[in-house]
Each structure stands twice: as structure tokens, then as C-alpha cells.
1. Among (1) closer than 30 Å to E153 by Cβ; (2) at pLDDT below 85, which single condition is L218 missing?
2. Any idea which residue in the range 248-280 is modelled with the highest pLDDT, counting only those that are of a type in the set (G, A, S), surrounded by fewer than 20 Cβ atoms within 10 Å (Cβ to Cβ) and within 20 Å of L174 (Cα to Cα)?
3. So which residues in the range 100-145 are under 30 Å from N321 (Cβ atoms) and among the acidic types (D, E)?
4. Evaluate the following for I143: is it in contact (Cβ under 8 Å) with a residue 40 or more places away in the chain, more than 17 Å from W256 (Cβ to Cβ), assigned by TED's automatic domain parsing to the domain that holds F275 and of a type in the set (V, I, T)?
5. Search the range 104-117 for residues that are surrounded by fewer than 17 Cβ atoms within 10 Å (Cβ to Cβ) and pair each with any residue that is outside any helix (DSSP H, G or I) and not β-branched (V, I, T) when their beta-carbon atoms are under 7 Å apart and the residues are at least 6 apart or on different chains.
6. Kindly check whether there is at least one residue in the range 137-155 that is part of a strand (DSSP E or B) and aliphatic (A, V, I, L, M).
7. Within the bounds of the range 63-83, is there any residue that is over 30 Å from R154 (Cβ atoms) and modelled with pLDDT of 90 or more?
8. Out of F292, F296, I need the residue that is modelled with pLDDT under 95, exposed (fewer than 14 other Cβ atoms within 10 Å of the Cβ), of a type outside the set (K, R) and assigned to a strand (DSSP E or B). Which one?
Amino acid sequence: MAEIYLDQASRVVTKIYWAGEITDADGAVTAEVKRCRTSSPQWISTANTYTATKLESDAGTYEIIIPKSEVPPRFWINTLEITWKYSINNVQTSHKQIVEVVRPYVNITDAIEILNVGTDASDPNFKSYNELKIAERYARKLIDVYTNQFFDERYIKESAYGDGTNTLPLKSRLLETTYLLREEDIVVIDRGLSLNNFGYTIKVSDTEYGVYVDRANLLDNIVYTANGMVPPTINDLGSGAFKKGYKYTAEGWYGWTHVPSNVSEACLVLMQQYFEKDRAWKDKYVKNISTFDWKFEFLDKAHTGTGNLYADQLLAPYVVNGMVVI
């Protein structure tokens, strides 16, 4: 899937195929851009239309510049749906392209400076902007897989089963108290509607990977009994608000508002690794090659890390259990 970076103008390119051949359109090519998110409920904006520019160097190739306004700084939007419209041999037709909006784990300008990459095509160390984006994507996806988490902001749902306590662990990092909480698919908390049928106030846990019941304003059993009321089960030893075996779904903002410095540093290290000449062998987990007997030695931890010891050490504090509890 194509990617563009969050909160900046970006170039998007398409090629027109007709009967299996790359073909120029009869005339103008337009692109209708809709902003949407993949999480449910899915939201799609009204389309903005742009006129594409033909690349003279490549047959049937057109581009548009997505303005910064299409990719606002917070991730209500995580994909763009682009409908390219044109005419071929006087036949009106179109095709769709999905573009993912992502936050890079390191600024490309910083990467150019720190990795000592040349910006002039005549420089032996020259790397194009597109090559640097590909390297950043390579590093970012390695980091996500190794740490079992993401380092941007996403509005998503997380589900887990209650275990009879007042805490509900979740596998992704919460940024703020959930907007919606469902118990067995029934909404019990809706912040937007100021609805709380759960009976308790919930907060983000100290670990930030879950929610818990705020007991600060709860009355103890003596107060309930003195007023002729039955104490709630949450006050009972061994009984909690998140009922054992019940499915809970917490919907809201997850992730990180800023990429941690260690993650950015690891991204730079892995970008450098991407450009190394022996990366093709490393990607195959080869540690050593003997040219006499063609003996291959594989890394012991080939299947558990990023392929770079320093990057693994930088990322170690951010590795979370990848088990999904649903």
C-alpha cells in the first residue's frame, strides 16, 4: 500500500493500465480524495477533487500533490481513498487507490543529516527522497513487529475478557480514558453522550496498558449498610467491576503523541542497515559464509530481533507481550 506522511504535503503517483498496457489518457485526469479511517465506525469525508499532472518522462503516469490540509495532525484519518478518473479511447473509466497516512519514526531531513546522505545526484552517497522513505518504512515496520506496538496516535478498539477484578489489561497503550466501553457488546460508557451505565468511573492504569475503576469516590460497606442499602459487589473481596468471562471493548485513542527518542534512534540504525550492501544476506538470517565449502551460519536470535543488536537494545524497554486477549 502507498504511504504519505502525516501533517505535510505529499506526492501521490498512479499509472493507467488499459488492456494490460500502460496508456496515456485522452485528456485531463482528475483525482477525488476522500479522508477515512479503517476502524469502525468508519468515517469518510466529502471528496476533494484535484487535477493530475502528467509525468512527461513516463507514459501513462500521473501525479497529484496532497496538501497538508488533507492529513491533519491527529489521526482521526488514517487512510485516503483516491479515485482517479479519466477517458481512454473515448471511454470514461476510473480506478481507486488506497493511501495510508503514517507518522515517520524519524524526520527525513534529520536522517539525511545524521546518516550523511548526499542530496546531490553526483554525490557517491546520494539517496533520493523516495529511497529514504522506503528505508524509513522498512525500519518502522521492523520496529512495530519487534515491539508488538505502534508509535503514532490511532483511534481504535481493543477487546479483552474481564477476570473478576477492577482492572482491564489491554495490549495497546492508552493515551486517555476510553470514549466508549462495551460490556458483552452493550455500550455502558459513552463519553460523547455523558452516559455511564457501568456504575463506576474508569481511568487509564498506571502502566498505561489498561483501564481500572477509580475507587476514590466510592463508599465503603459501612456507609451503605448504615443507610439501609446493599453494598455493591465491587466492594466484595475477590469481586470486581470487570466481570469474569465477560467481553469488554474499550474504544478510544491509543499509542504515542510523540515518537520516543530511543525509537527514533533505532529507526536511524535500521535505515542504515537497509542501505548496507550485505543486507540481502542478513535478511536471510545468514551470519557467516564460507566460500570454500559454502557453509552458511545462521544467527541464533535471527527470528526474535530486528537484525541489529544496538537497535534491539534501544527498543528493549518498549517490547510488549504480543498476545491478544479477546
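The values are calculated or read from the model by the stated rules, or taken from the named source; none is laboratory data. Note that the structure is a prediction, hence the values are computed from the model and not measured. Note that each Cβ is placed from the backbone with ideal geometry, even for glycine, and that neighbours are counted across all protein chains shown.
1. Evaluating L218 over (1) closer than 30 Å to E153 by Cβ; (2) at pLDDT below 85 leaves (1) as the failure.
2. Taking the candidates together, the pick is S261.
3. Residues satisfying the conditions are E100, E136, D144.
4. Details: in contact (Cβ under 8 Å) with a residue 40 or more places away in the chain: yes; more than 17 Å from W256 (Cβ to Cβ): no; assigned by TED's automatic domain parsing to the domain that holds F275: yes; of a type in the set (V, I, T): yes.
No; evaluated as a whole, the condition is false for this residue.
5. N116/N125
6. Our first condition is that a residue be part of a strand (DSSP E or B); within the range 137-155, this holds for 153-155.
With the extra rule that they be aliphatic (A, V, I, L, M), the set shrinks to none.
No - not one qualifying residue is present in the range 137-155.
7. The first filter runs over the range 63-83 and keeps only residues over 30 Å from R154 (Cβ atoms), leaving none.
There is no residue in the range 63-83 that is over 30 Å from R154 (Cβ atoms) and modelled with pLDDT of 90 or more.
8. It is F296.
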